[in-house]
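Here is the structure we will look at, set down as structure tokens.
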Amino acid sequence: MKQDVKRRTLRRLKIIEGQVRGLQNMVEQEKYCVDIITQTQAAKEALSSVEDYMLENHLSTHVVEQMKGGKHKKAIDEILSIYKVSKKK
């Protein structure tokens, strides 16, 4: 894993962890539903950015190496798999 991507991903995951704890507190304190929903959307967006970091890392490391190593089918299959998963959102 590229160190820059790892650093950004871990930072984002720590932020998400705090967001989820905050959501738990909001529910326990019976905060306004719309406020909770707003915060869940922010957490989803943060998770989406983690996916973006991981895709960036995968494409720029593993896929490049697979293509250089003649493993074209494996690289294409993995990219298609990620694409199919992302369409289910």
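I need the full set of residues from region 4-36 which are among the basic types (Lys, Arg) and surrounded by 15 or more Cβ atoms within 10 Å (Cβ to Cβ), in order please. If the condition is that a residue be among the basic types (Lys, Arg) and surrounded by 15 or more Cβ atoms within 10 Å (Cβ to Cβ), then ARG8, ARG12 are the ones that fit. Criterion applied to SER60, SER48 was being assigned to a helix (DSSP H, G or I), exposed (fewer than 14 other Cβ atoms within 10 Å of the Cβ), among the small types (Gly, Ala, Ser) and in contact (Cβ under 8 Å) with a residue 40 or more places away in the chain, and the one residue passing it is SER60.
Return the residues of region 1-35 that are under 30 Å from VAL63 (Cα atoms) and not in a helix (DSSP H, G or I); say none if nothing qualifies. Spell out how you get there, then give the answer.
Here is the first cut: in region 1-35, the residues under 30 Å from VAL63 (Cα atoms) are 1-17.
Selection gives MET1, LYS2.
Condition check ((1) more than 22 Å from VAL5 (Cα to Cα); (2) of a type outside the set (A, V, I, L, M, F, W, C); (3) touching a Phe, Trp or Tyr at 6+ places or on another chain (Cβ under 7 Å)) across all residues:
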| residue | (1), (2), (3) |
| --- | --- |
| VAL27 | yes, no, no |
| GLN41 | yes, yes, no |
| VAL50 | no, no, no |
| MET54 | no, no, no |
| SER60 | no, yes, no |
| GLU65 | no, yes, no |
| GLY69 | yes, yes, no |
| ILE79 | no, no, no |
| LYS87 | yes, yes, no |
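ALA46 falls short on exactly one of the conditions (1) in contact with a helix residue (DSSP H, G or I) (Cβ under 6 Å, 6 or more places away or on another chain); (2) farther than 21 Å from ILE82 by Cβ; (3) of a type outside the set (Lys, Arg), and that condition is (2). Can we say GLN39 is over 22 Å from LEU55 (Cβ atoms), surrounded by 13 or more Cβ atoms within 10 Å (Cβ to Cβ) and in contact (Cβ under 8 Å) with a residue 12 or more places away in the chain? Yes: the conditions hold for GLN39.
Bear in mind that the values in this text are calculations on the coordinates, not laboratory data. Since the structure is predicted, the reported quantities are computational estimates derived from the model, not experimental observations. Neighbour counts run over all protein chains shown; Cβ positions are idealised from the backbone, glycine included.
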